[in-house]
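The values are calculated or read from the model by the stated rules, or taken from the named source; none is laboratory data. Please read these numbers as outputs of a predicted model, since none were measured by experiment. Note that we place each Cβ from the backbone using ideal geometry, even for glycine, and neighbour counts take in every protein chain shown.
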Amino acid sequence: MSVGGDGTERGNGGADEPGWDVDPDDESGVAVVAAVGRQIKAWREAAGLRAAEFGAAVGYGEDLVYKVEGGRRIPRPEFLDRADDVVGAGGKLSAMKKDVAEVRYPKKVRDLTNMEARAVEVGLYSNHNIHGLLQTPEYARALFEMRRPAYSEDEVERVLAARMARRSIFERSPAPALSFVQEQVTLCRPIGGTMVLRRQLERLLEVGKLRSVEIQVMPTSREDHAGMGGGIEVLKFADGTAVGRSEGAFAGRPVSDPKQLRILELRYGMIRAQALAPRESLAFIEQMLGET
């Protein structure tokens, strides 16, 4: 990070970049950021500091200070730490880092992460790239960096952190039953380059050995294929409820109606039956790794 002569933070993923704007449609996120901003302002005023003085002390521009205090910009963790030291808050501002960290992720990602955290069974079919839960940081970054319209560097870091946070699902105890079906083409498409693909295949082999995980490969040679309508996600919860989504059904919207879920479960069940068995799939991935 560098700071210009006017005290405004410059480039290198700085906190004054567009990626840290608060999503106005994210009501819970707006409320959290607004509350944090009010606390920062209250502590600053109690310390007898003007916004410009406070900004200079924490290494941020005056304009950014006003945006953070007004709940229009999400503060970085280091901003809260510096602010805490400058105003002598005794850790009270630093303690807000956890709340702020959650709303830094896009709302739809937070919602998905919360559902995955509650799920006892997850079924996922991916046809364009390795599924997000299975991705390495390098592979995920390559996907985000090739997005069009392009993400800013700050936005890339934001969505990458959110995606990597979802991988905690593999560390849950008791572990949920996780089933993945990957199209063969996703195992040979060199997203990010050959070395990134190799590490990604190694990650698949590592995760595929977990007792709670089954990874299957759908061979390109299959004449019958129930997944031609696009990717599928089905999450089941302990209370018997479930939610599902597919690109090729119900306009891509999440559904929880039993009749609609039955359609997605039927398609996913057929996809699993048409794919290679889990043990065959791991052997196939090992072969792909050897050829990469």
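Considering ALA249, ALA242, which residue is of a type in the set (Gly, Ala, Ser), crowded, with 16+ Cβ neighbours inside 10 Å, over 21 Å from VAL120 (Cβ atoms) and modelled with pLDDT under 95?
Exactly one of ALA249, ALA242 is of a type in the set (Gly, Ala, Ser), crowded, with 16+ Cβ neighbours inside 10 Å, over 21 Å from VAL120 (Cβ atoms) and modelled with pLDDT under 95, namely ALA249.
Go over the candidates ASP81, ASP111, ASP85, ASP63 one by one and state the one that is without any contact (Cβ under 8 Å) to a residue 60 or more places away in the chain, of a type in the set (D, E, K, R) and under 30 Å from LEU187 (Cα atoms). Spell out the reasoning first.
Values: ASP81 fails: under 30 Å from LEU187 (Cα atoms); ASP85 fails: under 30 Å from LEU187 (Cα atoms); ASP63 fails: under 30 Å from LEU187 (Cα atoms).
Within the list ASP81, ASP111, ASP85, ASP63, the selection yields ASP111.
From the residues in region 214-228 that are assigned to a loop (DSSP other than H, G, I, E, B) and surrounded by 14 or more Cβ atoms within 10 Å (Cβ to Cβ), which one is farthest from the chain's Cα centre (by Cα)?
The initial filter retains those residues of region 214-228 that are assigned to a loop (DSSP other than H, G, I, E, B), namely 219-228.
Among the residues that remain, those that are also surrounded by 14 or more Cβ atoms within 10 Å (Cβ to Cβ) are: 219, 222, 225-227.
On the way: PRO219: 28, ARG222: 32, HIS225: 29, ALA226: 28, GLY227: 24 Å.
Per the stated criteria, the residue is ARG222.
Condition first: assigned to a strand (DSSP E or B) and not β-branched (Val, Ile, Thr). Now tell me which residues in region 109-132 satisfy that.
Kept after step one, since they are assigned to a strand (DSSP E or B), are these residues of region 109-132: 119-126.
Across region 109-132, the qualifying residues are ALA119, GLU121, GLY123, LEU124, TYR125, SER126.
Return yes or no: is LEU160 free of Cβ contacts under 8 Å to residues at least 60 places away in the same chain, closer than 16 Å to GLU116 by Cα and outside any loop (DSSP other than H, G, I, E, B)?
Judged against the criteria, LEU160 is not a match.
Out of VAL185, VAL181, report the one residue that is in the same structural domain as LEU282 (by TED's automatic domain parsing), surrounded by 15 or more Cβ atoms within 10 Å (Cβ to Cβ), in contact (Cβ under 8 Å) with a residue 12 or more places away in the chain and of a type outside the set (Gly, Ala, Ser). Step through it out loud before you land on a result.
Numbers: VAL185 fails: surrounded by 15 or more Cβ atoms within 10 Å (Cβ to Cβ).
From the options VAL185, VAL181, the qualifying one is VAL181.
Out of (1) assigned to a helix (DSSP H, G or I); (2) in contact with a strand residue (DSSP E or B) (Cβ under 8 Å, 6 or more places away or on another chain), what's the single condition that is false for LYS259?
(2)
With respect to VAL207, determine if the residue is touching a Leu at 6+ places or on another chain (Cβ under 7 Å), surrounded by 13 or more Cβ atoms within 10 Å (Cβ to Cβ) and either modelled with pLDDT under 95 or over 25 Å from PHE144 (Cα atoms) (or both). Can you show your working first?
On the way: touching a Leu at 6+ places or on another chain (Cβ under 7 Å): yes; surrounded by 13 or more Cβ atoms within 10 Å (Cβ to Cβ): yes; either modelled with pLDDT under 95 or over 25 Å from PHE144 (Cα atoms) (or both): no.
Considered against the rule, which asks whether it is touching a Leu at 6+ places or on another chain (Cβ under 7 Å), surrounded by 13 or more Cβ atoms within 10 Å (Cβ to Cβ) and either modelled with pLDDT under 95 or over 25 Å from PHE144 (Cα atoms) (or both), VAL207 comes out as no.
With respect to LEU205, determine if the residue is under 17 Å from LEU133 (Cβ atoms) and either part of a helix (DSSP H, G or I) or in contact with a Gly (Cβ under 7 Å, 6 or more places away or on another chain) (or both). Let's see the steps before the verdict.
Details: under 17 Å from LEU133 (Cβ atoms): yes; either part of a helix (DSSP H, G or I) or in contact with a Gly (Cβ under 7 Å, 6 or more places away or on another chain) (or both): yes.
In short, yes.
So which of ASP85, ASP63 ends up being of a type outside the set (A, V, I, L, M), surrounded by 16 or more Cβ atoms within 10 Å (Cβ to Cβ) and more than 30 Å from SER173 (Cβ to Cβ)?
Values: ASP85 fails: surrounded by 16 or more Cβ atoms within 10 Å (Cβ to Cβ).
On inspection, the qualifying residue turns out to be ASP63.
Quick one: which residue in ARG279, ARG253, ARG262 is within 19 Å of SER212 (Cβ to Cβ), without any contact (Cβ under 8 Å) to a residue 12 or more places away in the chain and either in contact with a Leu (Cβ under 7 Å, 6 or more places away or on another chain) or assigned by TED's automatic domain parsing to the domain that holds LEU124 (or both)?
Details: ARG253 fails: within 19 Å of SER212 (Cβ to Cβ); ARG262 fails: within 19 Å of SER212 (Cβ to Cβ).
Answer to the check: ARG279.
Going by the conditions given, is ILE74 without any contact (Cβ under 8 Å) to a residue 60 or more places away in the chain, in contact with a Lys or Arg (Cβ under 8 Å, 6 or more places away or on another chain), outside the structural domain of ARG158 (by TED's automatic domain parsing) and closer than 22 Å to ARG158 by Cβ? Before the answer, list the steps.
Numbers: without any contact (Cβ under 8 Å) to a residue 60 or more places away in the chain: yes; in contact with a Lys or Arg (Cβ under 8 Å, 6 or more places away or on another chain): yes; outside the structural domain of ARG158 (by TED's automatic domain parsing): yes; closer than 22 Å to ARG158 by Cβ: yes.
Criteria met by ILE74.
Within region 42-53, is even one residue within 31 Å of the chain's Cα centre (by Cα), buried (at least 19 other Cβ atoms within 10 Å of the Cβ) and part of a helix (DSSP H, G or I)?
Within region 42-53, the subset within 31 Å of the chain's Cα centre (by Cα) is none.
No, region 42-53 contains no residue that is within 31 Å of the chain's Cα centre (by Cα), buried (at least 19 other Cβ atoms within 10 Å of the Cβ) and part of a helix (DSSP H, G or I).
Might you let me know whether region 222-245 holds any residue that is among the basic types (Lys, Arg), touching a helix residue (DSSP H, G or I) at 6+ places or on another chain (Cβ under 6 Å), touching a residue at least 40 places away in the same chain (Cβ under 8 Å) and assigned by TED's automatic domain parsing to the domain that holds GLN135?
Kept after step one, since they are among the basic types (Lys, Arg), are these residues of region 222-245: 222, 236, 245.
From what's left, touching a helix residue (DSSP H, G or I) at 6+ places or on another chain (Cβ under 6 Å): 222.
Now drop any that are not touching a residue at least 40 places away in the same chain (Cβ under 8 Å), which leaves 222.
Adding the requirement that they be assigned by TED's automatic domain parsing to the domain that holds GLN135 leaves 222.
Yes, there is a match, as at least one residue in region 222-245 is among the basic types (Lys, Arg), touching a helix residue (DSSP H, G or I) at 6+ places or on another chain (Cβ under 6 Å), touching a residue at least 40 places away in the same chain (Cβ under 8 Å) and assigned by TED's automatic domain parsing to the domain that holds GLN135.
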